[in-house]
Amino acid sequence: MSNNDELVQIQDAESNSDDALLRQVEPLIHLNSLENLLNHARARSLWPLTFGLACCAIEMMAVGAARFDLDRIGAGVFRPSARQADVMILAGTISRKMAEPIKTLWDQMPSPKWSIAMGGCTIDGGPFKYPGQYAIVEGADKIIPVDVYVPGCPPRPEALYAALLKLGEKIKAGDQFKGA
Amino acid sequence: MSVIAEKLKTHAGIEESTSADYATQGYHYLHRAQAAQLPAIATLFSAADFHLEMLTCVDLRESEQTFRLVYQFNCYGTPERHLIHVAVQPEAKGASISAVFAGANWYEREVFDMHGVAFDGHPDMKRILMDDDYIGHPLRKDFVDQDPQREEMASAE
């Protein structure tokens, strides 16, 4: 038996043992239905974190207030603590000094969690992006993962509303950030 | 000429004092002063019930080899705007007036952050707008962003 054959045999044995291991840890009962149910609940009880970064926050407040009323889709419960929130609405310009606190807040939010980048600034720096600028982060996705982008400067309240509905669809489809 | 303007004209820290036409210049008096004398001058303004309108810095290293600190004092009632120009050598420091006008505290930190001109006697001389560990002073004419985080924070240009 040549060395090569020996190697192939070892590899085969390894993959076989992987399969065996997989069979051992695979759940006998699949919890997909329960997970789907949970996702439906999550999609209509999003608790955003209470904070605004700049002018887009004014539109975010309008969405939360009586005329547009986020409570209609269960997303009006703005939480004062990152520990209780599950969606981060980045409403406004992210300055470089603010980047660190935002990252800290994101890390403090328990999974599953989602984020919405609201307005041009959080998409790619918007009007403040030019060669040699020193003050801002050019896009929220430079610091945290983003689920839905809302274009506009600022976006109309309806646009943020649509974004939250879109995020709901995404959650119902089982798409979620599984990181820390 | 007002009382404070008379006092300033004879003040030891003032090198030159001129009056100007407010309608065209936007200020009533322009004084050139020595950096170290600013706390004494600010005390004069404070005693006369003036307030600090603005404190900023201009990078004049190319034309005059100095930074220029610009102080602007005014008072309520009859307006009387005093502009004070202070030349500061590139490595030298200004003198803090935050003990006299508390509002100067953040202005001086801003000047330090953006132009790199520090102030003697300031209670908390650190950056205000940029990160504490940021490298460079963005409003200097020869500024090039050399911050290590720049690549992460900016899109490819």
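Test each condition in (1) closer than 19 Å to residue B:40 by Cβ; (2) in contact with a His (Cβ under 6 Å, 6 or more places away or on another chain) for residue B:57 and report the one that comes out false.
Just one mismatch for residue B:57, condition (1).
For residues that are under 30 Å from residue B:129 (Cβ atoms) and of a type in the set (Val, Ile, Thr), scanning just segment A:64-106, find the one that is nearest to the chain's Cα centre (by Cα).
A:87
List every residue pair whose Cβ atoms lie under 7 Å apart, where the two residues are 6 or more positions apart in sequence or sit on different chains, the first residue falls within segment B:138-157 and is more than 8 Å from chain A (Cβ to nearest Cβ), and the second residue, located anywhere, is open to solvent by 100 Å² or more (accessible area, probe 1.4 Å).
Qualifying pairs under 7 Å: B:141/B:62.
Check off (1) touching a residue at least 60 places away in the same chain (Cβ under 8 Å); (2) over 25 Å from residue B:113 (Cα atoms) for residue A:74 and give me the number that stays unchecked.
Going through (1) touching a residue at least 60 places away in the same chain (Cβ under 8 Å); (2) over 25 Å from residue B:113 (Cα atoms) one by one, residue A:74 breaks only (1).
As an exercise: evaluate residue B:36 against (1) open to solvent by less than 60 Å² (accessible area, probe 1.4 Å); (2) aliphatic (A, V, I, L, M); (3) under 30 Å from residue B:143 (Cβ atoms); (4) touching a strand residue (DSSP E or B) at 6+ places or on another chain (Cβ under 6 Å) and give the number of the one condition it does not meet.
(1)
What is the residue count in segment A:103-143 for residues that are within 30 Å of residue B:142 (Cβ to Cβ) and of a type outside the set (Gly, Ala, Ser)? Steps first, answer last, please.
Taking segment A:103-143 first, the residues within 30 Å of residue B:142 (Cβ to Cβ) are A:121, A:124-139, A:142-143.
Retained after the next criterion (residues that are of a type outside the set (Gly, Ala, Ser)): A:121, A:124, A:127-131, A:133-134, A:136-138, A:142-143.
Residues meeting the conditions: 14.
Restricted to segment B:71-89, and to residues that are in a strand (DSSP E or B) and over 17 Å from residue B:8 (Cα atoms), which residue is least open to solvent (accessible area, probe 1.4 Å)?
Going residue by residue through segment B:71-89, those that are in a strand (DSSP E or B) are B:71-74, B:82-88.
Still in the list and also over 17 Å from residue B:8 (Cα atoms): B:87-88.
Details: B:87: 66, B:88: 3 Å².
By that ranking, first place goes to B:88.
Residues checked against (1) in a loop (DSSP other than H, G, I, E, B); (2) open to solvent by 40 Å² or more (accessible area, probe 1.4 Å); (3) at pLDDT below 60:
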{"residue": "A:7", "(1), (2), (3)": "no, yes, yes"}
{"residue": "A:16", "(1), (2), (3)": "no, yes, no"}
{"residue": "A:22", "(1), (2), (3)": "no, yes, no"}
{"residue": "A:33", "(1), (2), (3)": "no, yes, no"}
{"residue": "A:42", "(1), (2), (3)": "no, yes, no"}
{"residue": "A:45", "(1), (2), (3)": "yes, yes, no"}
{"residue": "A:61", "(1), (2), (3)": "no, yes, no"}
{"residue": "A:67", "(1), (2), (3)": "yes, yes, no"}
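Look at segment A:47-59 and say how many of its residues are part of a loop (DSSP other than H, G, I, E, B), out of contact with any Leu (no Cβ under 7 Å at 6 or more places or on another chain) and within 22 Å of residue A:108 (Cβ to Cβ).
The qualifying residues number 5.
What single numbered condition from (1) open to solvent by 30 Å² or more (accessible area, probe 1.4 Å); (2) among the charged types (D, E, K, R); (3) under 16 Å from the mean Cα position of the chain (by Cα) fails to hold for residue B:59?
Result: residue B:59 passes all but (1).
I want to confirm something. Restricting to segment A:159-173 and keeping residues that are of a type in the set (Lys, Arg) and more than 20 Å from residue A:63 (Cα to Cα), which single residue is most open to solvent (accessible area, probe 1.4 Å)?
A:172
Can you tell me which residue in segment A:133-158 is surrounded by the fewest Cβ atoms within 10 Å (Cβ to Cβ), limited to those that are of a type in the set (D, E, K, R) and away from every other protein chain (no Cβ under 14 Å)?
The qualifying residue surrounded by the fewest Cβ atoms within 10 Å (Cβ to Cβ) is A:158.
Do we have residue B:45 as of a type in the set (Phe, Trp, Tyr), part of a strand (DSSP E or B) and either buried (at least 16 other Cβ atoms within 10 Å of the Cβ) or within 13 Å of chain A (Cβ to nearest Cβ) (or both) here?
In short, no.
Looking at segment B:90-131, which of the residues that are in contact with an Asp or Glu (Cβ under 8 Å, 6 or more places away or on another chain) and within 14 Å of another protein chain (Cβ to nearest Cβ) is surrounded by the fewest Cβ atoms within 10 Å (Cβ to Cβ)?
Among residues in segment B:90-131 that are in contact with an Asp or Glu (Cβ under 8 Å, 6 or more places away or on another chain) and within 14 Å of another protein chain (Cβ to nearest Cβ), the one surrounded by the fewest Cβ atoms within 10 Å (Cβ to Cβ) is B:126.
So which residues in segment A:84-132 are within 14 Å of another protein chain (Cβ to nearest Cβ), surrounded by fewer than 22 Cβ atoms within 10 Å (Cβ to Cβ) and of a type in the set (A, V, I, L, M, F, W, C), if there are any at all?
The answer is A:98, A:99, A:102, A:123, A:128.
The values are calculated or read from the model by the stated rules, or taken from the named source; none is laboratory data. Bear in mind that the values here come from a model prediction, so they are computed numbers and not experimental data. Please note: Cβ atoms are built from the backbone with ideal geometry, for glycine as well, and neighbour counts cover all protein chains shown. Side chains included, ligands, DNA and RNA excluded: accessible areas come from the protein's heavy atoms. Shrake-Rupley method; radii C 1.70, N 1.55, O 1.52, S 1.80 Å.
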